[in-house]
1. Do we have A:Pro177 as away from the ligand (no atom under 16 Å from the Cβ) and either in contact (Cβ under 8 Å) with a residue 40 or more places away in the chain or away from chain B (no Cβ under 14 Å) (or both) here?
2. Counting only residues that are farther than 21 Å from A:Arg400 by Cβ and either more than 13 Å from the ligand (Cβ to nearest atom) or part of a helix (DSSP H, G or I) (or both), how many does the stretch A:335-360 have?
3. Go through B:Ile236, B:Ile256 for me and flag whichever is assigned by TED's automatic domain parsing to the domain that holds B:Thr35, under 30 Å from A:Ile440 (Cα atoms) and not aromatic (Phe, Trp, Tyr).
4. Does the stretch B:99-116 contain at least one residue that is farther than 24 Å from B:Glu26 by Cα and hydroxyl-bearing (Ser, Thr, Tyr)?
5. Quick check on A:Arg455: is it away from chain B (no Cβ under 14 Å) and among the basic types (Lys, Arg)?
6. Do we have any residue at all in the stretch B:63-83 that's part of a helix (DSSP H, G or I) and among the β-branched types (Val, Ile, Thr)?
7. Note down all Cβ pairs under 9 Å where the first residue falls in the stretch A:257-285 and is more than 20 Å from A:Leu78 (Cβ to Cβ), the second is aromatic (Phe, Trp, Tyr) and open to solvent by less than 10 Å² (accessible area, probe 1.4 Å), and they're at least six residues apart or on different chains.
8. List the helices (runs of 4 or more DSSP H) inside the stretch A:1-108, counting only whole elements, that have at least 1 residues being open to solvent by 50 Å² or more (accessible area, probe 1.4 Å) and over 30 Å from A:Arg182 (Cα atoms).
Amino acid sequence: MAINQDLFHYPEAAKELFIRTEDITFRDGTRVSAEEIWEFLTKEAPVRFPHAFDNGRYNRNRISGDIALPYSLKDEYLSLTFNDRMLKAKQKGIPVAFVQGGQCVDPYYAAGAIALRPASVNQWAACQREGVTFTQAQVLREDDKERASQSISFEVCNTAGYEYIQEGSLPVDMIAPYSCLRCSDVSYSLEAHRHGKRQDVKLFLGDFPMADQKNKEWAVEYFAENIKRLIRSIDELTGRETTEEDLRKEIILHNEGRRLSREIAELWWAPDTPPTNGKDRRAILQMGGMEVHGDPEASLCVLREGKRFIEERVRKGVKGHGLIDKPARIFLCGSCVFPSDYRIEEGGGVIVGTDNHWSNISTLVEETGDPYYNLAKATLSYPYEQNVYERAKWTAEQIRKSRADGVLFMYNWGCNTQSAMARMLCDEIKKLVNVPTLIIEHEFQASQSEQLLNRVSAFVEML
Amino acid sequence: MSKVTAFAGVDVGSLGTKTVIMAEGEIIGSAIIRTGINTEENGWNGLNAALENAGLTRDDLAYVVATGYGRISAPYANKTVTEITCHAKGAHYIHPQTKTIIDMGGQDCKAIRLDDDGNVADFAMNDKCAAGTGRFLEVMANVFKVSLDELGPLSLSATEVLPVSSTCTVFAESETVSLLARGEKPENIIVGIHHAISKRVGGMFSRVGVQNDVFFSGGVAKNVGMRKALEEALQIKIVEPRKDPQLAGAIGAAVIAESAWKRGR
Ligand code: SF4
């Protein structure tokens, strides 16, 4: 059957500039040159992953098209090589931990593991499926959702990617979330795992002292003990002993990512017309969490280079690809879901920031002293995990800094904490910054419904 | 005859395609046709029908704005705008003092609050529950073997309001069948249905804050029974529209078309 798919092609004209950009150095010390990345993106990847190159209007993750922005291509490369890189790491005996709870990943990496959040697990699984079209990929994702409901619960939000672990299709060695307030899926997954058939996958739960504990000494110390326990659990898998110095070094490395992200955000927020589109903003700022590519060193390389490009664009007044002049700026709150950046941009808007992982990315960890204590203190102070009033104050500050005109709160159906918080948080934000807000419940689907996008478009028009 | 510079607003909804032709701020033609399965064709057909009504041809159109769910397949349009913005502009055009709009269309229901210039200040939307949609009332009309237009007048002759607890299309249909089987009068059941819908959508309106004047737009706005039930449930007075309220979205689209064209000149 002939496949009718509009595919994106990187234009040959962009090659010259791109291949002169920097290599990516990975955690294991290996490198890939920009020329090799170009070859992969233009020859190998379109054949292996045609779904990712779908250029249709309904592909909200479609390739950015900002070909003069090397980090955008490198981010795409890292996303599409996920399975290849994970399998290589597994061959070297590096354990993979499945994490939930919005935490930073410093301790997992310090102990020699790879930490992957649900979205990364999903990306890994998506890269295992080669040669599928966009529509076929969507159908497969819907099937995954159905199996996730069966392996966890019909009440979960279904973004978890947990089904692959239960089925053994992704060789994850450990399920190691934190029991923080943000995510109601954690408890479902843990319960499912306790009764599931994959008892060979190790289980660890970081017991996060909930609600307003950040200034209580006992809570910080208690949580520091939990982080020690986590590291010991990973040590049992690797057979090595992680030292305080390992953790300190890892914190310094991850702090560099967090700092770079914060600096890039400040640069990006400054002009009235941002220097990149929303997808490329999200890509670079998320890298500061050092989790998205399953390789902190690779993320750092891209971040360092990315900052220079953003700086140059802001200095020269370059407008983001596909943006109108002075678009309506939207700050996105909520969890694990975002509307199509492209649809927002078509309507004259742009997403300028999010609260979810920005909470941990923008929290630096003290580098001197007891690293366990420092990490615990930072984790317990994540603004997203605080009570509604404190979270609203921090969000309002991000809204001011990003100069957002409105707030969109989106949560997944089944995301119990965020759904309960949405109205109250938006009301508090309104009191603090007096911007319009819109709350949208998103029902998990491989592609976003027209009704959902219609509301978002109307909100952009209103702004 | 001097050439007319005309503007069109095409609102391709789930049940009806509404088209308005405007020139110099005045409506000079309109058409409402049933929406079929080919979205693009619906738009063209609506446009042709309204042009014929206005005595114009496509060459007379300077700018076209498409709205409604069918706007994503509208190659005839210069611009697409959501129906929320279009209803706001349309209601403001019809009744400039409008501050709140209740819009009940074929497949969803919206509460829209406006500022003094007819811009959207806030909105809430129900597209998950069938209550307050034209499709729901269409199913109910089928149960009573009457046309959609007859539901409203019938409900006005009710002697009492029967409680109808379901606003889900499937359950409301079976509840209605049971009430009929019990020998209840159709008009008393119909008024009960209108009241059930009004109460259900009431919460949405309190979310955006109901302010006078209140304008009722969309196809369901032609239902006098629904209008009366809403006035009672929300304790409001709905303004008498001087134009067909079902055309509000298309009128708004035409207003936007005219101003976009003027801005672009
Ligand atoms: S959407 Fe909510 S419940 Fe689902 S993974 Fe995210 S935080 Fe957890």
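1. It is false that A:Pro177 is away from the ligand (no atom under 16 Å from the Cβ) and either in contact (Cβ under 8 Å) with a residue 40 or more places away in the chain or away from chain B (no Cβ under 14 Å) (or both).
2. Qualifying residue count, the stretch A:335-360: 9.
3. On inspection, the qualifying residue turns out to be B:Ile256.
4. The answer is no; no qualifying residue exists.
5. Details: away from chain B (no Cβ under 14 Å): no; among the basic types (Lys, Arg): yes.
So A:Arg455 does not fit the description; no.
6. Of the residues in the stretch B:63-83, the ones part of a helix (DSSP H, G or I) are B:69-73, B:83.
Applying the additional criterion that residues be among the β-branched types (Val, Ile, Thr) yields B:72.
For the stretch B:63-83, residues part of a helix (DSSP H, G or I) and among the β-branched types (Val, Ile, Thr): present.
7. A:Pro274/A:Trp268; A:Pro275/A:Trp268
8. Working: elements: A:15-18, A:34-39, A:45-48, A:70-80, A:82-91.
Per the criteria, A:15-18, A:34-39, A:45-48, A:82-91.
The values are calculated or read from the model by the stated rules, or taken from the named source; none is laboratory data. The structure presented is a predicted model; accordingly, all values stated were derived computationally and were not measured. Note that we place each Cβ from the backbone using ideal geometry, even for glycine, and neighbour counts take in every protein chain shown. For the accessible areas, the whole protein counts, side chains as well, though only heavy atoms, and no ligand, DNA or RNA atoms are used. Shrake-Rupley method; radii C 1.70, N 1.55, O 1.52, S 1.80 Å.
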